[in-house]
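Note sheet for the following structure.
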Amino acid sequence: MKPTISLSASDLAIAAVLILLDGALSVALGLGLHRQLAVAAARMVLQLLLIGVVLRSVFALASPPVTLLVILVMVGIAAREVAVRPEQRLRRYGNYMVGASAVAAATLLTSILALTTALRPSPWYDARYAIPLAGIVLGNVLNAASLALDALLGTVVRERAAIEAQLALGATIGAAMRRLVRAAIRRGLLPIVNQMSAAGVVTLPGIMTGQILAGLDPMEAVKYQILLMFLLAGGSGLGAVAAVLLAARRLTDARQRLRLDRLV
Amino acid sequence: MTPRLRLAGLRSAIAGPFDLAVAPGECVAVTGPSGSGKSLLLRLIADLDPGKGEAYLDGMPRASVPAPAWRRRVAYAAAEPGWWDERVAAHFPDLAAAKALAGTLGLAPALLDGPVLRLSTGERQRLALVRTLLMDPAVLLLDEPTAALDAASVGLAETVIRERLAAGVAAVLVTHDTALAARLGQARFTMRERRLVPA
């Protein structure tokens with residue numbers, strides 16, 4: 001591996017001029033974005049520095065319970081994001097339950113599969129691999145699950161008459177909701193499908209770019225990226241399906257009614 | 001004789017309790033101001049809204065059959081029918097039978113080959129009645145089945161409903177049309193504050 005080009009604080013400061021440029025544009029064009037932009041940029045820097053410090057000490061600790069704890073905190077934050085995205089909320093913290101179950105199941109399954117088969121660090125739960133991997137899978141699962149959940153909860157309200165018309169004609173709730181469930185899962189999977197189609201042609205994926213910049217051979221970086229894309233696609237699929245099916249189950253009852261009263 | 005449909009203390013959190021017996025071939029007409037709970041009654045009978053109490057079809061308790069089977073026998077036609085496909089034809093498993101029945105309601109059979117978007121409110125209402133009748137239910141729960149129809153179409157719909165009643169179907173008819181209620185309803189009720197009161 002070639003030696004990495006190490007970045008100094010002044011290198012970053014020069015790049016930060018671009019944020020100032022954005023701010024100037026916002027003022028000049030009356031976009032009203034400069035405040036948000038400044039807050040977001042500051043948050044990004046602080047959050048990343050913080051996670052850098054945390055990761056450094058967690059890697060040094062090399063303690064499985066601490067690794068698991070860090071991943072669970074990440075899962076919790078992602079679950080909250082999934083829960084708050086839709087305009088509609090399922091009662092009794094339904095969105096949170098759905099979000100947490102979907103995100104946790106999809107992320108853990110996909111990450112553990114990768115760690116125990118393709119990557120195989122030793123031990124397989126080595127924090128240096130487990131945490132970044134869970135993180136990137138989590139980001140995609142979060143995206144897929146929140147889009148899918150939002151699509152389902154949004155359409156189920158709009159399509160109430162259509163669903164109940166089918167129920168009144170003797171359809172099972174599964175049949176009556178099939179279209180919506182399919183459309184919602186498809187919505188959740190669109191980003192990863194786009195990402196895979198565009199990879200390498202329209203965009204160089206961030207991870208791969210990072211690895212190449214850090215000095216890794218492009219072919220090695222590409223192989224990593226392919227593995228990651230498969231993981232992300234699998235995680236997205238599991239996350240979207242779990243979020244939609246769990247939410248759909250909460251919208252019905254033993255008598256196969258459409259229970260929109262469970263939405264607030 | 002066992003009533004075709006019997007309600008025993010059927011109630012939801014916001015309507016009822018309802019006690020009612022409808023004999024085979026009988027039509028019970030329910031009138032009352034908007035928001036008095038007429039649609040809630042029908043939804044409750046069709047098991048579309050959660051509630052307590054029991055409903056019986058020919059003496060068989062509702063709880064003893066799966067909900068979809070109950071709804072096929074005790075069929076609810078909503079005042080504003082829903083459509084789940086752009087094509088009208090997709091809503092009818094037996095298109096030929098649907099066209100024939102649509103004809104008796106004064107609808108051009110060609111309507112069934114077109115898109116739902118092109119249908120008028122009155123056409124939608126009658127086509128919704130067609131798809132409900134084609135299930136051959138034992139009980140009809142009709143919510144304003146003629147609200148959007150002209151006088152001639154009301155007459156045709158009435159004839160079709162009468163044929164079903166003559167065949168032993170029981171009906172609960174919710175309507176604003178007091179004349180229709182008087183013509184079709186052997187028993188008449190008014191919904192007042194979400195309770196049934198004999199009219």
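Give the residue, chosen from A:S26, A:S6, A:S57, A:S10, that is out of contact with any strand residue (DSSP E or B) (no Cβ under 8 Å at 6 or more places or on another chain), more than 30 Å from A:L153 (Cβ to Cβ), in a loop (DSSP other than H, G, I, E, B) and small (G, A, S). Selected residue: A:S6, the only one of A:S26, A:S6, A:S57, A:S10 that is out of contact with any strand residue (DSSP E or B) (no Cβ under 8 Å at 6 or more places or on another chain), more than 30 Å from A:L153 (Cβ to Cβ), in a loop (DSSP other than H, G, I, E, B) and small (G, A, S). The residues of region B:127-148 include none that are modelled with pLDDT of 95 or more and away from chain A (no Cβ under 14 Å). Of the helices (runs of 4 or more DSSP H) that lie entirely inside region A:157-259, those containing 1 or more residues that are over 30 Å from B:H91 (Cα atoms) and either in contact with a Cys (Cβ under 9 Å, 6 or more places away or on another chain) or more than 10 Å from chain B (Cβ to nearest Cβ) (or both) span A:173-198, A:206-213, A:218-250.
Residue check: is A:A62 surrounded by 21 or more Cβ atoms within 10 Å (Cβ to Cβ) and of a type in the set (A, V, I, L, M)?
No.
Every condition in (1) under 20 Å from A:S236 (Cβ atoms); (2) outside the structural domain of A:Y224 (by TED's automatic domain parsing) is met by A:L37 except one, and the failing one is (1). Set side by side, the residues B:D150, B:D94, B:D113, B:D143 differ, and just one is of a type outside the set (A, V, I, L, M) and under 30 Å from B:R6 (Cβ atoms), which is B:D143. Restricted to region B:50-78, and to residues there that are crowded, with 18+ Cβ neighbours inside 10 Å and small (G, A, S), the residue that is nearest to the other protein chains (Cβ to nearest Cβ) is B:A67. Out of (1) farther than 21 Å from A:R182 by Cβ; (2) touching a residue at least 40 places away in the same chain (Cβ under 8 Å), the odd one out for A:A144 is which? Exception for A:A144: condition (1).
The values are calculated or read from the model by the stated rules, or taken from the named source; none is laboratory data. Keep in mind that what you see is a predicted model, and the values were worked out from it rather than measured. Using ideal geometry, Cβ is built from the backbone for each residue, glycine included, and neighbour counts are taken over all protein chains shown.
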